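Colleague: Here you go, one structure.
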Amino acid sequence: MPIPSPFHPRTSALCTGLRWKDWSGYHAVCSYGTCHEPEYFAFRHAAGLMDVTPLHKYDVSGPDAAAFLARVMVKNILKLRIGQVTYCCWCDEFGKLLDDGTVWRLDEHAYRVTAAEPNLAWLRRNADGFDVTIADTTERIAAVSLQGPNARAILKQVTDADMDALRFFWLTRTTIGGRDAIITRTGYTGDLGYEVWVDNDDALPLWDTLMSAGRPFGIAPTGLDALDVCRVEAGFIMNAVDYYSANHCVIEARKSTPYEAGLGWTVNLDRDPFVGQSALRAEKERGATRRFVGLEIDWDEFEALHARYGLPPELCSEAWRDPRPVYTAGGTQVGQATSGAWSPILKRNLALATVDRPHAAIGQTLRIETTVEFVRHRITATVVEKPFFDPPRKRAVAGDAS
Amino acid sequence: MTTSRYDAIIVGGGHNGLVCAAYLARAGRKVLVLERRHVLGGAAVTEELHPGFHFSVCSYVVSLFRPKIIRDLELARHGLEMIPLESAFTPLPDGRSLCRWPDWHRTRREIAQFSARDADLYPEFGLAMGKMAYFARELIDNPAPDPASFDPRELMRLLRLGKRLRSLGPDLMHLNTQLLTMSAVDFLDLWFESEVLKAPMSVSGVIGTFLGVRSPGTAYVLLHHYMGEIDGAFRSWGLVKGGNGQLSNAVASAARASGAEIRTEAPVSRILLRNGEAEGVVLDNGDEIHAKVVVSGLDPRRTFLGLVGEANLDDAFVTRLSRFKFRGSSGKVNLAVDRLPEFACRPNDNGRADHLRGDIAIAPGIDYLETAYDEAKYGDFSRRPYINVVIPSVLDPSVAPPGKHIVSCFVQYAPYHIKEGADHWPNRREAFGDAVVDTLAEYCPGLKDTILYRQVLTPWDLEKEFGLTEGNIFHGELSPEQLLFQRPVSGWAHYRTPIARLWMCGSGTHPGGGVMGAPGMLAARAILKTNAT
């Protein structure tokens, strides 16, 4: 039975559509109204405010905190500077993905890890010999994500922190309405955006402050359905959708390596030993047999296929995550698309897929299963560059250049 | 004197001219676009008329802009972003109101306040219109087949269309006939009983025409409301982020990326002819520029009677052209306001107002609309006009300073030919603006105190500033006799003109006005097919 997040009194009052789901044991809003589309457009054209409390949070501190995190993460956390945040993943000793998330350096010896799944046991299991304390702060810290082109302008109304100077994937400690808060310039929309982290007790004042300061800037409360479209546009992989944590897999084939999942760029191999290092080194030398790629589904074929039935092209406005087989032109299955969405901002029909390496090059023409009128068809999908959506404002430092 | 040689010169940097230019440039042609004003887009233009307020000065929404053009020209990459409108709100003076939403059951309950029967029929109506629109789409994405032509390809196309129409079944065949012949009100009477529902629906049949909602031939324009395509869904209206000028800018950017050259503040004074063929243009400053073809995005009257000259044209053609009806009937009032308007019949909820996130129709009854038309018939603007209000800043905060808003009012009727004579419009302009604001203030009592800036565009202003002849927003009325193979004149509906090497690409050609882009695309296709360039 899910529990309410500290924002629940506000989110439940606003969620007139009563569309909720269970996100990591919390009640989480899918969409506030009956349809998520206005929330999607708020993310992309104004600002969306989303309760992201259900993210798992671990505070890691102590003299060996950096060394410990460098040991468990595929990335060399020793290089992380105070105030910096990094995105990375972690693996089992066989180099198979367990989860992905962020690591922040709050202080000399204080770090925070965010994760999609519970990771406390695994972190503690690997902490032997390190002088660290690992605290699960998931249920003590409330968090909202404020994403969209107006996100910075809104935060400037409520904090003295220099928002113009806060760089992409850095954090600042500040106060909002007289209460302590941490602002990280992070998010899951691929846009300009921030996440604000406070003690549970400060959750409601934070929500009220942001909503009221955001009103002139078009702020809207946003749910998971809108986020899902944004994250496909951003080309972000999702645990338990596009890959599965090795801890939960019954068979080896279900597991993935960071190289297969498009996260090879987060792996720093040449350094002191870390969990999964030798397996990952071997994998890198061998070359991953699969790749995580972006696909664009051919519109003309999609439309023509519907026209054969006398139908106009019908798109679901929500992102999908029921896996769809991907084939070569010759009909051999070479992978699966695991999520996708029509992108209203890019006007492209997009999917994220894992395909065998020989068929994963940019420009490769594949076929994807598409069902029309209960009949399965295959239409062209081309391997294209990710991220699909990547506006300059995402990383821009000052001003609102988009 | 410039003599550099282009493959094509496009006269007019409106959205159709730019679309045509982009397609020609993509096909490798050397293209020059010449725009008279300092800003591109023609009537699809954004201007910062008041500091921080970016107005879609003329056209203010899009629905029919062809998705194919967006894909072909990669307009999303060139900065085009569209935001669907979320509601259709009709306030009433008696404190009641109707709001239609994408959420069907919510709409059903709203309509049921006025008629439970209408509420149930509403989706059936939508389905029937949707089917018709799906059929009609073929017509707007292709040149109009000409039944008077002896060209076997034309006849084949007609035959194919006829077969498709038949395949729709007898019910839709009848519907088609009804749509083409009936008035918007008569047609809606076949379906609905509630005037509160019918009035705002009927008015879409008369937009841009000098007809009333009870005039025959207005029913088919209702289809337009079901023909819009945004994100693959057949639905109605959307905003362009940053205003409609951003659509033009995106097309211009695509054209430039393919090598087109675009000049602003370069008014063309006439089309250069040699032995009856177009060989270029002469600018106001006397420069002559030559090209293999000249393509005019201006309306047919300005193109032929203005730039070509009657003396260079056949009598019969001039006669037919002079019968092409413009008679603009609408104006525009653009307001900058310092807070979100509030309607007495449906107050805002602590700064939230979902019913203002779409279009707002001041159309409280059919007699109201017909009375508004009566005044126009006798040469005056409507004292209580139909107003289509959109507050773009609610969905796109980027167009106004934080917390402030733009109120865009499309107003009908404001006849170009007022009884004093069109040239007297400047003396009536502010009275017209007052009538509009007074009307709106009857529904939004606090409105007048919030106005920071007001722009009033009469049909006369639309002609003078934007080159819309007689202020007609569609480059000529969209009435059945001026459509398809008869637009702008029969025999010349395929973008060609009686002047060799002179082509048309504006809204005065098939499939007509609205920010559709189809004339520009179809013209480019026709030009490329002939290898004229």
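The values are calculated or read from the model by the stated rules, or taken from the named source; none is laboratory data. Quick caveat, the model's predicted, so the values are computed rather than measured. So basically every Cβ, Gly included, is an ideal-geometry build from the backbone, and we count neighbours across all protein chains shown. Side chains included, ligands, DNA and RNA excluded: accessible areas come from the protein's heavy atoms. Shrake-Rupley method; radii C 1.70, N 1.55, O 1.52, S 1.80 Å.
Colleague: When the accessible area of each residue in region A:38-74 is compared between its chain alone and the complete protein assembly (1.4 Å probe; ligands, DNA and RNA ignored), which residues differ by at least 20 Å², being lower in the assembly?
Modeller: A:P38, A:F41, A:H45
Colleague: Report, by chain and number, residues whose modeled amide H sits under 5 Å from the one on A:V334, excluding near sequence neighbours (fewer than 5 apart, same chain).
Modeller: A:V326, A:Y327, A:T328
Colleague: Give me D for chain B in µm² s⁻¹, whole number, from Stokes-Einstein with Rh from the Kirkwood sum over alpha-carbon pairs, 37 °C and 0.692 mPa s.
Modeller: Diffusion coefficient, whole number: 140 µm²/s.
Colleague: Modelling each spin label as a point 7 Å along the Cα-to-Cβ direction, I'd like the B:R383/B:A500 distance in nm, to one decimal.
Modeller: Between B:R383 and B:A500, the simple spin-label model gives 6.0 nm.
Colleague: While we're on this one: Between B:E265 and B:E481, what length in nm is gained on full extension when 0.36 nm per residue of separation is reduced by their alpha carbon distance? Present the calculation step by step, with values, prior to reporting the outcome.
Modeller: Values: separation 216, 0.36 × 216 = 77.76 nm, distance 3.55 nm.
Gain on stretching B:E265 to B:E481: 74.2 nm.
Colleague: What is the sum of charges around A:K255, taking Lys and Arg as +1, Asp and Glu as -1, for the other residues whose C-beta is under 12 Å from the C-beta of A:K255?
Modeller: -1
Colleague: Isolated Cys in chain B by the 4.7 Å beta carbon test?
Modeller: Those would be B:C58, B:C99, B:C345, B:C409, B:C444, since no other cysteine Cβ in chain B comes under 4.7 Å of theirs.
Colleague: By the scheme Lys and Arg +1, Asp and Glu -1, what is the net charge of all other residues having a beta-carbon under 13 Å from that of B:P152?
Modeller: Neighbour charge sum, excluding B:P152 itself: 0.
Colleague: Which value results when the Cα radius of gyration for region B:326-469 is divided by 2.2 N^0.38 Å?
Modeller: Values: Rg = 15.4 Å, N = 144, 2.2 N^0.38 = 14.5 Å.
So the Cα radius of gyration is 1.06 times the expected 2.2 N^0.38 Å.
Colleague: Can you list residues from other chains, or at least 5 along the same chain, whose modelled amide H is less than 5 Å from the amide H of A:S339?
Modeller: A:L352
Colleague: Something else about it: Express the carbon and sulfur contribution to the solvent-accessible surface of region B:84-237 as a percent, rounded to the nearest whole number, probe 1.4 angstrom.
Modeller: The C+S portion of the solvent-accessible surface of region B:84-237 is 58 percent.
Colleague: Next question. Running Debye on region B:435-533 with equal point scatterers at the Cα sites and no solvent, what base-10 log of I(q)/I(0) appears at q = 0.16, 0.19 Å⁻¹?
Modeller: -0.77, -0.93
Colleague: How big is the Kirkwood radius of region B:290-359, worked out from every pair of different alpha carbons and given in Å to one decimal?
Modeller: Value: 17.3 Å, from the Cα pair sum.
Colleague: Taking region B:84-237 as the region of interest, what is the percent of Cα-Cα pairs per 10 angstrom bin, listed from the shortest bin to the one with the maximum distance?
Modeller: Percent of Cα pairs in each bin: 10, 35, 36, 14, 5, 1.
Colleague: Let me ask something additional. Once R0 is set to 45 Å, what does the formula 1/(1 + (r/R0)^6) return for the Cβ-Cβ distance between B:D438 and A:T16, expressed as a FRET efficiency to the nearest 0.05?
Modeller: On the way: r = 35 Å, r/R0 = 0.79.
Efficiency at R0 = 45 Å is approximately 0.80.
Colleague: Take the alpha carbon atoms of chain A, find their radius of gyration, then divide it by 2.2 N^0.38 Å using N residues; give the quotient.
Modeller: 0.99
Colleague: Quick check: pseudo-label points 7 Å beyond the Cα along Cα→Cβ at A:S24 and B:K325, how many nm apart are they?
Modeller: The two pseudo-label positions are separated by 6.5 nm.
Colleague: While we're here: With r as the distance between the Cβ atoms of A:T34 and A:D208 and R0 = 25 Å, compute the FRET efficiency 1/(1 + (r/R0)^6) and round to 0.05.
Modeller: Values: r = 25 Å, r/R0 = 1.00.
That pair, A:D208 with A:T34, gives E of 0.50.
Colleague: Can you give the accessible area per residue of region A:143-250, in Å², using a 1.4 Å probe? Write down the numbers at each step before the final one.
Modeller: On the way: 3450 Å² over 108 residues.
Dividing the accessible area of region A:143-250 by its residue count gives 32 Å².
Colleague: Right, here's the next one. If you count the DSSP beta bridges with both ends in the protein assembly as shown, what percent of them are antiparallel, to the nearest 5?
Modeller: 85 percent
Colleague: Of B:P84, B:A136, B:Q113, which is farthest towards the positive pole of region B:84-237's charge dipole, taken about the Cα centre with +1 and -1 on the beta-carbons of Lys, Arg and Asp, Glu respectively?
Modeller: Among B:P84, B:A136, B:Q113, the one farthest towards the positive end of the dipole of region B:84-237 is B:A136.
Colleague: Could you order A:D164, A:D390 by accessible surface area, starting with the largest, using a probe radius of 1.4 Å?
Modeller: Correct descending sequence by accessible area is A:D390, A:D164.
Colleague: Something else about it: Cα-Cα pairs above 22 Å in region B:318-394: how many percent?
Modeller: For region B:318-394, the fraction of Cα-Cα distances above 22 Å is 45 percent.
Colleague: Please give the total accessible area that chains B and A bury against each other, computed with a 1.4 Å probe and expressed in Å² to the nearest 100.
Modeller: 2200 Å²
Colleague: Say each of B:K419 and A:R357 gets a label point 7 Å from the Cα, pointing the same way as Cα to Cβ; how far apart are those two points in nm?
Modeller: Placing both labels 7 Å along Cα→Cβ, they lie 8.5 nm apart.
Colleague: Further, regarding this structure: At a 1.4 Å probe radius, carbon and sulfur cover how many percent of the accessible area of region B:326-469?
Modeller: 47 percent
Colleague: Ok, one more. Please give the Cα centre distance for region B:238-309 versus region A:307-331, rounded to the nearest Å.
Modeller: Region B:238-309 and region A:307-331 have Cα centres spaced 41 Å from each other.
Colleague: Right, something else. Take the eigenvalues of the Cα gyration tensor for region A:289-384, scale each by 5, and report the square roots as semi-axes in whole Å, largest first. Don't jump to the answer; show the numbers that get you there.
Modeller: Numbers: eigenvalues 90, 44, 27 Å².
Gyration-tensor ellipsoid for region A:289-384: 21, 15, 12 Å.
Colleague: When ligands, DNA and RNA are left out and all protein chains stay put, how many square angstrom of accessible area per residue does region B:84-237 have with a 1.4 Å probe? List each step's numbers first, then the result.
Modeller: On the way: 6760 Å² over 154 residues.
Ligands and nucleic acids excluded, the figure is 44 Å² per residue.
Colleague: Say a paramagnetic label sat at a point 7 Å from the Cα of B:Y453, along Cα to Cβ; which residues of region B:52-84 have their backbone N under 15 Å from it?
Modeller: B:52-58
Colleague: For the protein assembly as shown, what mean projected area does the convex hull of the alpha carbons give, in nm²?
Modeller: Mean projected area of the Cα convex hull: 40.5 nm².
Colleague: For region A:65-96, list residues with backbone N below 15 Å from a point placed 7 Å from the Cα of A:D272 toward its Cβ?
Modeller: In region A:65-96, the label zone of A:D272 (backbone N under 15 Å from the point 7 Å along Cα→Cβ) covers A:65-80.
Colleague: Could you do me a favour and compute the accessible area per residue for region A:289-384, 1.4 Å probe, result in Å²? Don't jump to the answer; show the numbers that get you there.
Modeller: Working: 4230 Å² over 96 residues.
Counting only protein heavy atoms, the per-residue value for region A:289-384 is 44 Å².
Colleague: So what J values fall out for region B:458-463 if you push phi through Karplus, 6.51 cos²θ - 1.76 cosθ + 1.60 with θ = phi - 60°, rounded to Hz, Gly and Pro as x?
Modeller: 8, x, 5, 5, 4, 6
Colleague: Ok, one more. Under 5 Å between amide hydrogens, which residues at least 5 positions from B:L468 or on another chain qualify, with H placed 1.01 Å from N in the peptide plane?
Modeller: Those qualifying (amide H under 5 Å, at least 5 residues apart or on another chain) are B:E463.
Colleague: Can I ask one more? Assuming R0 = 25 Å, can you tell me the calculated FRET efficiency for the pair A:I82 and A:R124, based on Cβ-Cβ distance, to the nearest 0.05? All intermediate terms of the calculation are to be shown ahead of the outcome.
Modeller: Details: r = 25 Å, r/R0 = 0.99.
In this case the efficiency is close to 0.50.
Colleague: On to the next question. Within 10 Å of each Cβ in B:389-397, how many Cβ atoms from other chains are there, averaged over the peptide?
Modeller: Going residue by residue through B:389-397 and averaging, the value is 3.
Colleague: Something else about it: Between region B:79-96 and region A:163-190, how many Å separate their Cα centres?
Modeller: When both Cα centres are located, 35 Å separates them.
Colleague: Which value in Å is the Kirkwood Rh of region B:3-45 over different Cα pairs?
Modeller: Answer for region B:3-45: a Kirkwood hydrodynamic radius of 10.5 Å.
Colleague: Work out which residues of region A:329-349 lose at minimum 10 square angstrom of accessible surface when the other protein chains are put back, relative to the chain isolated, with a 1.4 angstrom probe, and list them by number.
Modeller: Listed in order, they are A:W342, A:P344, A:I345, A:L346, A:K347.
Colleague: State the percentage of accessible surface on region A:289-384 attributable to carbon and sulfur atoms; use a 1.4 Å probe and exclude ligands, DNA and RNA.
Modeller: 48 percent
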